[in-house]
Amino acid sequence: MKNIHLLHAILLLAFSISIQGQTNFRAGWEAANPVAKEATLSISEKAKAHQDFLKKALLEGDSLRQLYAHLYLAYDYLHQQDYSKATECLLNALGIAERAGNPGWQGWVVHRQAIVAARLKKYQEALQEYLEAARFCGEAKDSLCVAESLEQVSVMYGSLQDFENAERYHVIAMPLIEKYGGETQLGAALNNYGNINSWAGRYAPAVRNYERAIAVFQKLGKPLEIAKAKNNLADAYKYLHRYAEAKAILEECMDINQKNNFLQSLMTNYANLSVLYDSMGNYRQAFLYLHDYHYLKDSLIGAETQQKIAELQVKYEAQQKELELERSKSALTQAQRSVEKLLLTVFFVLVLAVAGLWRWWWLNRQAKQELAKNKETLEDLTRILLEKNTQLVA
């Protein structure tokens, strides 16, 4: 009963926002990104650009751009699988959105919190957050956000093996995706619906949705998305026992992934080919592809470890330089203080010397004056005596 009432509320929400003025948080967020989509920067370089973007936004007191920055950084950390830091960024963003009282901002932040929960396979938690995101975005008249949130509600129900509700929310979301979303959102939704059908054991509908998704991604020229959708298509063909078609598609996927250096996707191809050959009874090929899978996995882990070590080394060296600079500043400050003390001591010595010289001059002057006075007195006394003697003789 609760699901029925919720479904009716969502349907009413979807209808109401479709006839009112629209907002589009995604458009502004993507336009403001200092890192272009086609940029071939490392994750660390992207994070540095986004940190600089955040610093500038803080200096300018621009709340919206601060929100954007925290969302960019959350994605950077998600790509690094650093879920704690991604969550921290999203909480900072949510605080900004709540203080602003903007439901559209809140909706997009909660949507991304749901992505983290889904990555951690907390599907029930993610489901509730996607529903909350849809409610916030509905208040903000952001139909694209509502569409993407409800489409992910469908995927979460599929992950929880509740295919009835997965189908219901897909039916609600798709018209909104088609009306307010772009080709990228449409392709992703078709691929996701193919996954739901595949999880439910409905492989023929899954094939149709994967093929539609591939056509959309080919039109957009997105090789990674093409490879992922084709990998899913091959998996569906395997369950339909159409092994030759599955093998051909996986070989196409490998070619795409090798040309574009999509190593994570290539690793999935190896795993699927191993399972496929095992299903076909070709255990030797199954073993070889399983070996390739583990070799590539170990290589990637090694490469990631080396990259992290290199990044840590760079951070350590930067920290050491900062410490050295601080030491230099401290030594300079200490030297300045020593010079100041020396100058103060010299000043006091000079003052004492001048005072000593002045006192010596004053005492010498007093002595001379006293001597002159005594001499004058003596002369007066001598004159008086001479006068007296003269008088006696007379």
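The values are calculated or read from the model by the stated rules, or taken from the named source; none is laboratory data. Everything numeric in this text was worked out from a predicted model, so none of it was measured. Glycine also receives a Cβ, built like all others from the backbone with ideal geometry; neighbour counts cover every protein chain displayed. We work out accessible area using only protein heavy atoms, side chains counted, and drop any ligands, DNA or RNA first. Shrake-Rupley method; radii C 1.70, N 1.55, O 1.52, S 1.80 Å.
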Next item on the list: May I ask you to rank Arg65, Arg337 by accessible area, largest first, using a 1.4 Å probe over the protein chains only?
Entry: Arg337, Arg65
Checklist line | Computed label-point distance, nm, for sites Trp361 and Ser330 using a 7 Å Cα→Cβ extension | finding: 4.8 nm
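Over all directions, average the projected area of the Cα convex hull of segment 65-202 and note it in nm². Please list the in-between numbers first.
Numbers: hull surface 31.7 nm².
For the Cα atoms of segment 65-202, the hull's average projected area reads 7.9 nm².
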Next item on the list: Decide, for segment 22-66, between rounded, prolate and oblate: order the square roots of the alpha carbon gyration tensor eigenvalues as a ≥ b ≥ c, take rounded if a/c falls under 1.5, and otherwise choose prolate if a/b is larger than b/c, else oblate.
Entry: oblate
Margin query: Using only the heavy atoms of the protein chains and a 1.4 Å probe, how would Tyr75, Tyr289 rank by accessible area, largest first?
Written below: Tyr75, Tyr289
Item checked: Label point distance in nm, Leu59-Leu160, each placed 7 Å from Cα along Cα→Cβ -> 4.7 nm
Margin query: Based on the alpha carbons, how large is the Rg to Rh ratio for segment 126-187 when Rh follows Kirkwood?
Written below: 0.96
Next item on the list: Quick one: accessible surface of Tyr203, probe radius 1.4 Å, all protein chains present, in square angstrom to the nearest 10.
Entry: 50 Å²
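Which of Lys46/Lys230; Lys55/Lys85; Lys230/Lys259 have a Cα-Cα distance over 20 Å? Intermediate values should be presented prior to the final figure.
Working: Lys46/Lys230 29 Å; Lys55/Lys85 17 Å; Lys230/Lys259 16 Å.
Exceeds cut-off: Lys46/Lys230.
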Notebook entry, point to check: Given 0.36 nm per residue, what is the gain on full extension from Glu167 to Lys259 after removing their alpha carbon distance, in nm?
Noted result: 29.5 nm
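Quick check: with the 1.4 Å probe, what order do Asp82, Asp255 take by accessible area, largest first?
Values: Asp82 40, Asp255 70 Å².
Descending order: Asp255, Asp82.
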Check: With every protein chain present, what accessible area does Met156 have (1.4 Å probe, heavy atoms only), rounded to the nearest 10 Å²?
Finding: 10 Å²
Notebook entry, point to check: Just the accessible area for Trp362, please: 1.4 Å probe, Å², rounded to the nearest 10?
Noted result: 90 Å²
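What shape does segment 57-122 have by the C-alpha gyration tensor, where a ≥ b ≥ c are the square roots of the eigenvalues, rounded means a/c under 1.5, and otherwise prolate means a/b greater than b/c and oblate the rest? Show your work: numbers first, answer last.
Working: a/c = 2.80, a/b = 1.52, b/c = 1.85.
Note, shape of segment 57-122 comes out oblate.
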Notebook entry, point to check: So for the pair Val346, Leu120, with labels modelled 7 Å out along Cα→Cβ, what separation do we get in nm?
Noted result: 6.5 nm
Next item on the list: Quote the Stokes-Einstein diffusion coefficient, in whole µm² s⁻¹, for segment 238-298, based on the Kirkwood radius over alpha carbon pairs, a temperature of 25 °C and a viscosity of 0.890 mPa s.
Entry: 214 µm²/s
